[in-house]
1. Within the stretch 136-150, can you find the residues that are touching a Ser or Thr at 6+ places or on another chain (Cβ under 9 Å) and either basic (K, R) or surrounded by 18 or more Cβ atoms within 10 Å (Cβ to Cβ) (or both)?
2. Considering only residues that are in contact (Cβ under 8 Å) with a residue 60 or more places away in the chain and closer than 21 Å to I67 by Cα, which ones fall in the stretch 131-142?
3. Restricting attention to the stretch 86-133, and to residues there that are part of a loop (DSSP other than H, G, I, E, B) and among the β-branched types (V, I, T), which single residue is modelled with the highest pLDDT?
4. Here are some conditions: (1) more than 16 Å from V28 (Cβ to Cβ); (2) without any contact (Cβ under 8 Å) to a residue 40 or more places away in the chain; (3) hydroxyl-bearing (S, T, Y); (4) out of contact with any helix residue (DSSP H, G or I) (no Cβ under 8 Å at 6 or more places or on another chain). S86 meets all but one. Which one does it not meet?
5. Within the stretch 134-161, work out how many residues are over 24 Å from F82 (Cβ atoms) and either modelled with pLDDT of 80 or more or in contact with a Pro (Cβ under 9 Å, 6 or more places away or on another chain) (or both).
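The values are calculated or read from the model by the stated rules, or taken from the named source; none is laboratory data. The model shown is predicted, which means the values in this text are computed figures rather than measured ones. Ideal geometry is used to build each Cβ from the backbone, glycine not excepted, and the neighbour counts take in all protein chains shown.
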Amino acid sequence: MLCILCSLTAGAVTIKDRVRTSQVKALVAECRSYEGAEVINAGRLITGAVKGAIRLAAVGDAEAREITRLLKGVKSISILDFEDCSPEDKETICSRIDRLFSGIEPLMEVHDDGDLLLIYGAVDETASTVRDFVVYAPADGTFICMFGSVDVNKVVHIINQ
């Protein structure tokens, strides 16, 4: 059974209350030392190149062009895959992530057959954007961070199509 809880409301995390990008990047860098953990860091240059390739692939596909517009504000990406770590290391990494986001309400929580997916980000209500998306799936050992901003109006437009 799939259950989705969203909180793009007044209770959402604001820019001043969010976890700092440097804290998230430091956590990902520290977790690189665990055996079985894999880390991918794509800075501005690589992220820009990937977005350019996606734009080229989207020629003639209106839906794909909308998604490239959505990703326009993403400046860098960090991915931590710790699925292949030992159960003890997975538990340690999950505890560290949970501590980092302790007290911060996720933008979205998805429950699917007992598995949990959490999406964090900071809502900038003055600019209608969400900054620094974090997608975290503890059971799958996945922690994906997209640094930059995404226009909420573009997200709503894509969802409504």
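1. Within the stretch 136-150, Y136, F143, C145, M146, F147, G148, S149, V150 qualify.
2. R131, D132, V134
3. The qualifying residue modelled with the highest pLDDT is I104.
4. Every listed condition holds for S86 apart from (2).
5. 3
Each row is one residue, and each column tells you yes or no for (1) of a type in the set (V, I, T); (2) assigned to a strand (DSSP E or B).
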| position | (1), (2) |
| --- | --- |
| T47 | yes, no |
| G52 | no, no |
| R55 | no, no |
| V59 | yes, no |
| R65 | no, no |
| L70 | no, no |
| K75 | no, yes |
| I79 | yes, yes |
| D84 | no, no |
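Per-residue answers, yes or no, for (1) under 18 Å from the mean Cα position of the chain (by Cα); (2) over 20 Å from T21 (Cβ atoms):
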| residue | (1), (2) |
| --- | --- |
| I54 | no, yes |
| R69 | yes, yes |
| D89 | no, yes |
| D98 | yes, no |
| S102 | yes, no |
| V130 | yes, no |
| Y136 | yes, no |
| A139 | yes, yes |
| C145 | yes, no |
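Yes or no, residue by residue, for (1) under 17 Å from the mean Cα position of the chain (by Cα); (2) surrounded by fewer than 18 Cβ atoms within 10 Å (Cβ to Cβ); (3) under 19 Å from G148 (Cα atoms):
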position	(1), (2), (3)
V59	no, yes, no
I77	yes, no, yes
S95	no, yes, no
T126	no, yes, yes
